[in-house]
1. Plugging the Kirkwood radius over Cα pairs into Stokes-Einstein for segment 389-433, at a temperature of 37 °C and a viscosity of 0.692 mPa s, what D comes out in µm²/s?
2. Dividing the Cα radius of gyration by the Kirkwood radius, what Rg/Rh value follows for segment 1-109?
3. Hey, what's segment 180-235 come to in accessible area per residue, 1.4 Å probe, Å²?
4. Just the number, please: carbon plus sulfur as a percent of the accessible area of the chain, 1.4 Å probe, no ligands or DNA/RNA counted.
5. Can you give the calculated 222 nm mean residue ellipticity of the chain, where each DSSP H run of n ≥ 4 adds -39,500 (n - 2.57) and the sum is split over every residue, rounded to the nearest 500 deg cm²/dmol?
6. From the Cα gyration tensor of segment 201-345, with a ≥ b ≥ c the square roots of its eigenvalues, which class applies: rounded if a/c is under 1.5, or else prolate if a/b is larger than b/c, or else oblate?
7. Calculate, for Ile435 and Asp4, the FRET efficiency according to 1/(1 + (r/R0)^6) with r their C-beta to C-beta distance and R0 30 Å; round to the nearest 0.05.
8. Positive end of the dipole of the chain, charges at C-beta (+1 Lys, Arg; -1 Asp, Glu), about the Cα centre: which of Leu270, Val131, Thr219 has its Cα farthest in that direction?
Amino acid sequence: MPRDFSVGKVWTNITAQAVPLTIAQLVQLLYNIVDRIYIGHLPEVGSLALTGVGITFPITTLILAFANLFGTGGAPLFSIERGARNEEKAREIMGNVFTMILIASAIIMVFCYALRVPMLYLFGASDDTIVYAESYLRIYIFGVLFSMIVTGMNGFISSLGFPRTAMWTTIIGAVLNLILDPIFIFGFSMGVEGAALATVISQCVSAVWVMHFLIAGKTNITLKLRYMKLKRRTVANVLGLGVSGFMQQATNCLVQIVCNVTLQNYGGDLYVGIMTIINSVREIATLPVTGISSGGQPVLGYNYGAKKPDRVKEGIRFMAVTGIVYTAIMWLVIEAFPAAFIRIFSNDARTIELGARALRIYFMGFVFMSLQFMGQSTFVGLGKAKRAVFFSILRKVVIVVPLTIFLPTLMGLGTDGVFLAEPISNLIGGLACFITMYITVYRKL
């Protein structure tokens, strides 16, 4: 049966959601992280191949952004309606989200396949790296539908109170990816094409798992054809709230493009490859924070819909404290051992030397990133879309992008300026988001 988040200790409910979600997100990362590790250690061409795959990040991030547009917009509303005992409306939300995913994935596949080469050059590819970037993306595009189903619909499984089932969604696919990667990359000598093919097959299996549960799972709220007809108000509500999740990923896409192009101008392919590694380390380092925020959203939304403000406040406090403590510890670990993280992805001495310095700069003030996550997740969990969207845009578009462009020109900072833009944006954007959430939401509950 679906879980009732209005009973029991709030921190227990959040932890019960967050732990399997964090494990699931960790396993999800293996889709791409393992690809990068294997590709980075390819004989002779590893550095260029890793840089080429890194050039595709803006496109894969944009695909994820659209999945989040529907998933992070629908799942919180789904939780709120469940908390209010409106099961019919909850079914309608889930069905409409699935239909939007089907339509969007078809459009994205056609668009990205037709324009893949000019897009890759625009995003920072050179004549040396375009062959690897295009080879990877050409195959990856055919898995767009599977990727969007997994990302956009798995949140409904968690919102129903089955976080372990949601965790298995990614574990199954990632384990398969771990098995197929070395077979295709090295066994069949397919290189980056093998990595892409392994990812597509694995995502397909995960998507089948998600659909099986939502259609035939042990719950009274399932995905049915009659609820898939789009309703204007439902679509508007989902998109209105999901814009936050979309903007968070879309602005990540914009930042990746600006970083790649700027680093190409100031440091060449080597520094674009280093940024690929740093992005991978950041994804790993932020996992527990995103797990807590993702696990907290359905709990906050359910109790908000059930008119239990004290439990909502308790959940916000728990999320804030755990997020701050974790990011402070992780910051110290990365500052102490930066080269160890770079070596995971490359054995090249120059990459390790320059990458360690860049990683230290990038992660300065990492603790302030947790404030952004907690404020943002609270806004989304309670259905306050406009505030969530505003702070997504503020940190990435208003702060990071201008700093990434202009800091390298100041005092000869060069590539250091690109990496310095991140900690500055974390400080300003994180504090602004969290303080606003405290004043406008927490104190008024």
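The values are calculated or read from the model by the stated rules, or taken from the named source; none is laboratory data. Fair warning: this is a prediction, and the values are worked out from it, not measured in the lab. Cβ placement follows ideal geometry from the backbone for every residue including glycine, while neighbour counts extend to all protein chains displayed. Ligands, DNA and RNA are stripped out before the accessible areas are found, and what is left, the full protein with its side chains, is counted by its heavy atoms. Shrake-Rupley method; radii C 1.70, N 1.55, O 1.52, S 1.80 Å.
1. Estimated via Stokes-Einstein, D reaches 314 µm²/s.
2. Rounded to two decimals, Rg/Rh equals 1.11.
3. The answer is 53 Å² per residue.
4. Solvent-exposed carbon and sulfur of the chain make up 68 percent of the total.
5. So the calculated ellipticity at 222 nm is -26500 deg cm²/dmol.
6. Prolate, because a/c is 1.5 or more and a/b exceeds b/c.
7. Between Ile435 and Asp4 the formula returns 0.40.
8. Thr219
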